[in-house]
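Enquirer: Before anything else, here's the structure in question.
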Amino acid sequence: MTRTALITGATSGFGAAAVHRFAQAGWRVIATGRRAERLQPLVDAYGPGQVHAAVFDVRDSAAMAAALAALPAGFADIDLLVNNAGLAQGTAPAQSAVLEDWRTMIDTNVTALVTLTHHLLPQLVARKGAIINISSVAGVYPYPGGNAYGGTKAFVSQFSLGLRADLHGSGVRVTTIEPGMAETEFTLVRTHGNQAASDTLYTGANPMTAEDIAEQIFFVATLPAHLNINRLEIMPVSQSFAGFQVARD
Ligand code: NDP
Ligand code: 8X3
């Protein structure tokens, strides 16, 4: 039986790579994002019967509901929700951070994620489906400048564990994937378009790729139905931990 995945943030990075991974494996995929011109090539590559583009801002709950209500018949029964759309904004310490950046991260990474999950839970329960939430190592390990971004991802990880508890006995699987450094448009977005900053971060660092993470999403989604990976933390070998800091008089 052909299964259907809804993947948010499919215009770039992990989400775009995941659309390819699932579509190549024969899944139907609903690919979402704001940039329609990035979604159309995915539809063109696999055909409108296999990939459906749903263009909306995840922060716009009315647009989200309309897009879900307008799904073509072949895409209406969703087996897998991949909550991937998200972003960091800024690297400044909390005391000089821009409040609007914090609000954008919370609206996107937290409020939109729970809204879409709430929409789809009834049918995921009915179909014994699965939810894969993309969190981050930033939600597990604090680092300077991670402040609100790390907070949103800690929410994603803890919300996912709470879903597991509530969905006990339903057959619905819930997994959090917590990646470390991966080269996507993430840093370009975080720095409000500073390509040099993005290049500096990734050059020579052997970061993970979008395809690396897409492979993990696919792996988790295709495990035998009796197995649930609760959280999957993954980093490039080149990235580790720097320990505590001490301020002296
Ligand atoms: P990208 O910037 O490459 O992709 C982000 C995706 O999120 C885009 O498709 C973008 O689509 C979508 N998105 C952002 N805001 C909105 C919005 N308001 N409405 C709809 N879609 C939105 O980054 P990544 O692929 O790296 O990021 C994917 C996820 O992985 C994020 O949740 C990120 O926090 C997380 N992550 C990334 C890591 C990394 O090092 N790269 C590490 C750990 C976690 P569009 O702009 O077209 O709307
Ligand atoms: C992104 C990973 O380490 O840049 O979530 O915060 S990190």
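The values are calculated or read from the model by the stated rules, or taken from the named source; none is laboratory data. Computed from a predicted model, the values in this text were never measured in an experiment. Positions of Cβ are generated from backbone atoms using ideal geometry, with glycine treated the same way; all protein chains shown enter the neighbour counts. Note: areas computed on protein heavy atoms with side chains; ligands, DNA, RNA excluded. Shrake-Rupley method; radii C 1.70, N 1.55, O 1.52, S 1.80 Å.
Residue-by-condition table, conditions (1) under 13 Å from Ala182 (Cα atoms); (2) touching a helix residue (DSSP H, G or I) at 6+ places or on another chain (Cβ under 7 Å); (3) in contact (Cβ under 8 Å) with a residue 40 or more places away in the chain:
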{"site": "Asn206", "(1), (2), (3)": "yes, no, no"}
{"site": "Asp212", "(1), (2), (3)": "yes, no, no"}
{"site": "Ala221", "(1), (2), (3)": "no, no, yes"}
{"site": "Pro224", "(1), (2), (3)": "no, no, no"}
{"site": "Ile229", "(1), (2), (3)": "no, yes, yes"}
{"site": "Met235", "(1), (2), (3)": "yes, yes, yes"}
{"site": "Ser240", "(1), (2), (3)": "no, no, no"}
{"site": "Phe244", "(1), (2), (3)": "no, no, no"}
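Enquirer: Go through the stretch 166-249 and tell me which helices (runs of 4 or more DSSP H), entirely inside it, have 3 or more residues that are surrounded by 14 or more Cβ atoms within 10 Å (Cβ to Cβ) and away from ligand 2 (no atom under 15 Å from the Cβ).
Expert: Per the criteria, 210-221.
Condition check ((1) more than 16 Å from ligand 1 (Cβ to nearest atom); (2) hydroxyl-bearing (Ser, Thr, Tyr); (3) over 24 Å from Ala54 (Cβ atoms); (4) out of contact with any Cys (no Cβ under 6 Å at 6 or more places or on another chain)) across all residues:
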| site | (1), (2), (3), (4) |
| --- | --- |
| Thr117 | no, yes, no, yes |
| Ala126 | yes, no, no, yes |
| Ala130 | yes, no, no, yes |
| Val137 | no, no, yes, yes |
| Tyr143 | no, yes, yes, yes |
| Gln158 | no, no, yes, yes |
| Arg164 | yes, no, yes, yes |
| Arg173 | yes, no, no, yes |
| Met208 | no, no, yes, yes |
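Enquirer: Is there any pair with a first residue in the stretch 31-49 that is farther than 18 Å from Leu87 by Cβ and free of Cβ contacts under 8 Å to residues at least 12 places away in the same chain and a second that is within 15 Å of ligand 1 (Cβ to nearest atom) and not in a helix (DSSP H, G or I) whose Cβ atoms are under 9 Å apart and which are 6 or more apart or on different chains, and what are they?
Expert: Close Cβ pairs satisfying both conditions: Glu37/Thr11; Asp44/Val51.
Enquirer: Could I ask something else about it? Filter the stretch 15-25 down to the residues that are within 18 Å of Pro72 (Cβ to Cβ) and either out of contact with any Leu (no Cβ under 9 Å at 6 or more places or on another chain) or without any contact (Cβ under 8 Å) to a residue 40 or more places away in the chain (or both) and list them by number. Spell out the reasoning first.
Expert: So in the stretch 15-25, the residues within 18 Å of Pro72 (Cβ to Cβ) come out as 19, 22-23.
Once the filter is applied, which keeps residues that are within 18 Å of Pro72 (Cβ to Cβ) and either out of contact with any Leu (no Cβ under 9 Å at 6 or more places or on another chain) or without any contact (Cβ under 8 Å) to a residue 40 or more places away in the chain (or both), the stretch 15-25 yields Val19, Ala23.
Enquirer: Taking Leu80, is it touching a Ser or Thr at 6+ places or on another chain (Cβ under 8 Å) and farther than 30 Å from Ala197 by Cα? Break it down into steps so the answer makes sense when it comes.
Expert: Values: touching a Ser or Thr at 6+ places or on another chain (Cβ under 8 Å): yes; farther than 30 Å from Ala197 by Cα: yes.
Against the criterion (touching a Ser or Thr at 6+ places or on another chain (Cβ under 8 Å) and farther than 30 Å from Ala197 by Cα), Leu80 qualifies.
Enquirer: Identify, from the list Ala92, Ala88, the residue that is touching a residue at least 24 places away in the same chain (Cβ under 8 Å) and more than 21 Å from Ala214 (Cα to Cα).
Expert: Working: Ala88 fails: more than 21 Å from Ala214 (Cα to Cα).
Going through Ala92, Ala88 in turn, the sole match is Ala92.
Enquirer: Quick one: count up the residues across the stretch 120-146 that are buried (at least 16 other Cβ atoms within 10 Å of the Cβ) and more than 26 Å from Val246 (Cα to Cα).
Expert: So the count comes out to 11.
Enquirer: If a residue has to be under 17 Å from the mean Cα position of the chain (by Cα) and open to solvent by 10 Å² or more (accessible area, probe 1.4 Å) to count, how many in the stretch 154-165 make the cut? Outline the logic, then answer.
Expert: To start, the set of residues in the stretch 154-165 that are under 17 Å from the mean Cα position of the chain (by Cα) comprises 154-161, 163.
Going one step further and asking which of them are open to solvent by 10 Å² or more (accessible area, probe 1.4 Å), we end up with 154-155, 158-159, 161, 163.
Residues flagged as under 17 Å from the mean Cα position of the chain (by Cα) and open to solvent by 10 Å² or more (accessible area, probe 1.4 Å) within the stretch 154-165 amount to 6.
Enquirer: Residues in the stretch 143-165 that are without any contact (Cβ under 8 Å) to a residue 60 or more places away in the chain and away from ligand 2 (no atom under 15 Å from the Cβ): how many?
Expert: 5
Enquirer: With (1) at negative phi; (2) more than 16 Å from ligand 2 (Cβ to nearest atom) as the list, and Ile106 as the residue in question, which single condition is left unmet?
Expert: Checking Ile106 against (1) at negative phi; (2) more than 16 Å from ligand 2 (Cβ to nearest atom), the one that fails is (2).
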